[in-house]
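Colleague: I have a structure here, written as structure tokens, and I will follow up with some questions on it.
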Amino acid sequence: MIVKRLLAYVLLISVFCYSCKKSNNATVTSLTTAANIDSLVGYYQGTTSGDSVYDYTDSLGNKAQWVHSFSVPDTLIVTSPDTATILVTSKYYSVSFPYGDSLTFAYVTNLQNGLAIDNGYFQYNAVMTDTTDGPNHMIVNLEFSYTKNVISNVTLYQR
């Protein structure tokens, strides 16, 4: 009788231990698109600065370039019209970013939208980076060929 009980306990412990055995198959948990978009939506306040290059011909017929630089206070309005897009609107620009989980990590969201022309250079290139591990700090960098570059450096003030 004791042997049967002992055997039953050993069998029970074996089944219990086997069921607790860790699997070698790693599971990857994906971040949900809607949740990450919602975490970016809000009003951001900071500075938009930029440089524009203008080509002109002076009164003597010489071709020249003039660089106009600016830095002004700005508010970015970040919305998500659907679960696959982020729309960033500034006083100076509006750009739509396609959204993908592969570009989002626990500490940073990096979205890019650009149009390349035939020579491989960007006609425009927009990159949005949001660091979510500290204060919500967002940088939007837009480049328009070689003639214009606009950077917004902002922090979240209302969600």
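Colleague: Being within 35 Å of the chain's Cα centre (by Cα), modelled with pLDDT of 90 or more and closer than 26 Å to T131 by Cβ: is that true of L87 here?
Modeller: Here the answer is yes, as L87 does meet what is asked.
Colleague: F97: aromatic (F, W, Y), under 19 Å from G46 (Cβ atoms), modelled with pLDDT of 75 or more and surrounded by 14 or more Cβ atoms within 10 Å (Cβ to Cβ), yes or no?
Modeller: yes
Colleague: Just one of the numbered conditions (1) at pLDDT 75 or above; (2) assigned to a loop (DSSP other than H, G, I, E, B); (3) within 17 Å of the chain's Cα centre (by Cα) is not true of E143; which one?
Modeller: Against the list (1) at pLDDT 75 or above; (2) assigned to a loop (DSSP other than H, G, I, E, B); (3) within 17 Å of the chain's Cα centre (by Cα), E143 comes up short only on (2).
Colleague: Being modelled with pLDDT under 90 and part of a strand (DSSP E or B) is the filter; apply it to the stretch 38-56 and report the residue that is surrounded by the most Cβ atoms within 10 Å (Cβ to Cβ).
Modeller: This residue is V53.
The values are calculated or read from the model by the stated rules, or taken from the named source; none is laboratory data. Bear in mind that the values here come from a model prediction, so they are computed numbers and not experimental data. Counting neighbours? That spans all protein chains shown, and the Cβs are built from the backbone with ideal geometry, glycine included.
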